[in-house]
Structure formats: structure tokens, C-alpha cells
């Protein structure tokens, strides 16, 4: 994993977690009827997609380990460039179906960074 990759992964995980939290506090009908909730979720999905787009540009190998990374980036592109075509039912499905599967993958990749950093520190020996 390249040195800049953890920052993109952290941003992606944070955005995915924030978006997913909306589903925990609100039902589908409430979400579909509340433009403020929709706007909040859309913003987090934009950040998620942008972070993964940047990760893919910087570290394609790590990005390829994220299932559906192209679809996530594509969702970001729709939200930003084709906002009139956003299907809030599909956004709800992303919250309930896709994000719960994505978040553990991002957390696992971030855990690898932590383990690698610990390993590098151990290899360096005691500090003077």
C-alpha cells in the first residue's frame, strides 16, 4: 500500500459510516420524504466516491481490492454531474445493502496499515 492510501481509505470509511448511520436512525419512508436527510447522505456518498477515485488514481492495486469500486465512483459521478437523475430508492438500497458490506472491507484495509506501521516500528528496534 502506498503512503497516501491510508488517508483516502480513512476518508472513505468515515463517509460510508456517516451515510450508513442515517439508516440506523430513520426508516425508509422517512428518508424518502426528507430532502435534508437525502442531501446529507448524498454528500457523504460524494465524499466516499471521491476518496475512492483518488485512491484508484494513486494506488490502483489497493483500490482493486475494494468490491464494486467502479460502481461507487460511478455513483459519485451521478450525484455530482447528473443530480437530476438521482434515484433516492437506489440511494436507500446503497445505505441498507451496499454500505454494510463495504465498511468492513475499508476497516480491514486500514487495519493492514496499522499492522504494517507496527511491524516497521518493531524492525527499527528501540529508539535511542
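Values computed for the structure shown
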item	result
Matching residues, the range 102-111, being surrounded by fewer than 20 Cβ atoms within 10 Å (Cβ to Cβ) and over 11 Å from the mean Cα position of the chain (by Cα)	108, 110, 111
Hey, residue 39 loosely packed, with under 13 Cβ neighbours inside 10 Å, modelled with pLDDT of 95 or more and out of contact with any helix residue (DSSP H, G or I) (no Cβ under 9 Å at 6 or more places or on another chain) or not	yes
Residue 51 vs. criteria part of a helix (DSSP H, G or I), exposed (fewer than 15 other Cβ atoms within 10 Å of the Cβ), out of contact with any strand residue (DSSP E or B) (no Cβ under 8 Å at 6 or more places or on another chain) and at pLDDT 95 or above	no
Single residue of 99, 32 found to be more than 23 Å from residue 1 (Cα to Cα), surrounded by 13 or more Cβ atoms within 10 Å (Cβ to Cβ), out of contact with any strand residue (DSSP E or B) (no Cβ under 7 Å at 6 or more places or on another chain) and touching a residue at least 40 places away in the same chain (Cβ under 8 Å)	32
Unmet criterion (only one of (1) surrounded by fewer than 15 Cβ atoms within 10 Å (Cβ to Cβ); (2) more than 21 Å from residue 83 (Cβ to Cβ); (3) free of Cβ contacts under 8 Å to residues at least 12 places away in the same chain) for residue 2	(3)
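The values are calculated or read from the model by the stated rules, or taken from the named source; none is laboratory data. A quick note: this is a predicted structure, and the numbers were derived from the prediction, not measured. Note that we place each Cβ from the backbone using ideal geometry, even for glycine, and neighbour counts take in every protein chain shown.
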